[in-house]
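Structure first, then comments.
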Amino acid sequence: MKLDLKTLDLKDIANWQLLPKAVALAVLFVAILGAGYWFDWSQQFKELETERTKESTLRETFLSKKKQAINLDTYKQQLADIEQSFGALLKQLPNKSEMDALLIDINQAGLGRGLQFELFKPDAAEKASEFYSERPITIRISGNYHDLGAFASDIARLPRIVTLHNINIAGGAGKDAQSGILFMDAVVKTYRYLDEEEMAEKKKKAQKDIKKEAHK
């Protein structure tokens, strides 16, 4: 059956043959679908995709919060362990009034091994960190190899935290060389924790520095 569009009367659609009617209905149906998608459904699809993304994000957040809630007791225990460890380390740092006693302990560690201090020079300036201060001491001691090694071990066993840096051991000259005397140059670093007043002053200074940077 041939479809002759010229013979079709738009004013008399009811009397059209079956095929033209079917084609016209199909075209109308497609046009309605296209218009619906363009004016309404496309926006709804976008909103649906947005909501799906939100749902996925909320689901991940929920699972993360749920995991945290399940492990809350474990986290609390870990925090307590960290605080305990931190407290133990903090006790190994002397306060300002105990620093002189620590310097005496370092000196006695050398003298107790029969070593001679050629130089014992604490640095006047301290290097402040977040909650502690570092003070280097330049030393030069002389003695035999065994006693120098024992001195380093004694320093490591002090109840306070003391570390050795820039160690240089060299032999002496003349009689010292014949007797096996060695000279050790090193930097001993001692540490102390900052008291509340120093912490407050440090925090105040940091806030001032932030304000200065903000006004630049």
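What to note about this one:
- Flag: Ala206 matches the condition of being at pLDDT below 75, among the small types (Gly, Ala, Ser) and in a helix (DSSP H, G or I).
- Ile141 vs. criteria at pLDDT below 90, of a type in the set (A, V, I, L, M, F, W, C) and surrounded by 15 or more Cβ atoms within 10 Å (Cβ to Cβ): no
- Hey, Arg113 part of a loop (DSSP other than H, G, I, E, B), buried (at least 18 other Cβ atoms within 10 Å of the Cβ) and at pLDDT 85 or above or not: yes
- Among the residues making up the stretch 157-203, a single one is at pLDDT 80 or above, more than 23 Å from Leu103 (Cα to Cα) and not in a strand (DSSP E or B): Ile181.
- Enumeration of residues in the stretch 75-93 that are in contact with a Phe, Trp or Tyr (Cβ under 8 Å, 6 or more places away or on another chain) and either under 27 Å from Gly149 (Cα atoms) or at pLDDT 70 or above (or both): Leu93
The values are calculated or read from the model by the stated rules, or taken from the named source; none is laboratory data. The model shown is predicted, which means the values in this text are computed figures rather than measured ones. Virtual Cβ from ideal backbone geometry, glycine too; neighbours counted across all protein chains shown.
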